[in-house]
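Contents: one structure, followed by commentary.
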Amino acid sequence: MVPRYYFNLVRQRTVIADHDGVEIPGEVSELEILRIMQEIRTEEPELFAGSGGWSIEVVDEQGRIVAKFSL
């Protein structure tokens, strides 16, 4: 089974949850997460316009935060 990771947008107490997630085979690496972040920036740049104070939390299927990036 390929693990699924979720990229939630977070700002203080506001969370915009990623309900679809992305399947990433094997152990998730920071490099793989950065590649996915770049893909999101390219495909949906409007998510990053005026993104001050927002970050992305990468969460595994068990709800554990595995990485966090400021936008």
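The values are calculated or read from the model by the stated rules, or taken from the named source; none is laboratory data. Since the model is a prediction, treat every value here as computed from it, not as a measurement. Neighbour counts are summed over all protein chains in view; Cβ atoms, including those assigned to glycine, are modelled from backbone coordinates with ideal geometry. These accessible areas exclude ligands, DNA and RNA; they are computed on the full protein's heavy atoms, side chains included. Shrake-Rupley method; radii C 1.70, N 1.55, O 1.52, S 1.80 Å.
Worth pointing out:
- Residue check: Thr42 meets all listed conditions (1) surrounded by fewer than 11 Cβ atoms within 10 Å (Cβ to Cβ); (2) not in a helix (DSSP H, G or I) but one, namely (2).
- Of all residue pairs spaced 6 or more apart or on separate chains, those with beta-carbon atoms under 7 Å, a first member in region 18-47 that is under 17 Å from Phe69 (Cα atoms) and a second member that is among the basic types (Lys, Arg) are Gly21/Arg4; Val22/Arg4.
- Residues that are basic (Lys, Arg) and either under 11 Å from the mean Cα position of the chain (by Cα) or not in a strand (DSSP E or B) (or both), drawn from region 11-39: Arg13, Arg35
- Taken over region 1-10, the criterion of being more than 15 Å from Ser70 (Cα to Cα) and part of a strand (DSSP E or B) is satisfied by Arg4, Tyr5, Tyr6.
- Within the set Gly53, Gly21, Gly26, the sole residue that is crowded, with 16+ Cβ neighbours inside 10 Å and on the phi > 0 side of the Ramachandran plot turns out to be Gly21.
- Among the residues making up region 1-18, those that are open to solvent by 50 Å² or more (accessible area, probe 1.4 Å) and among the charged types (D, E, K, R) are Arg4, Arg11, Arg13.
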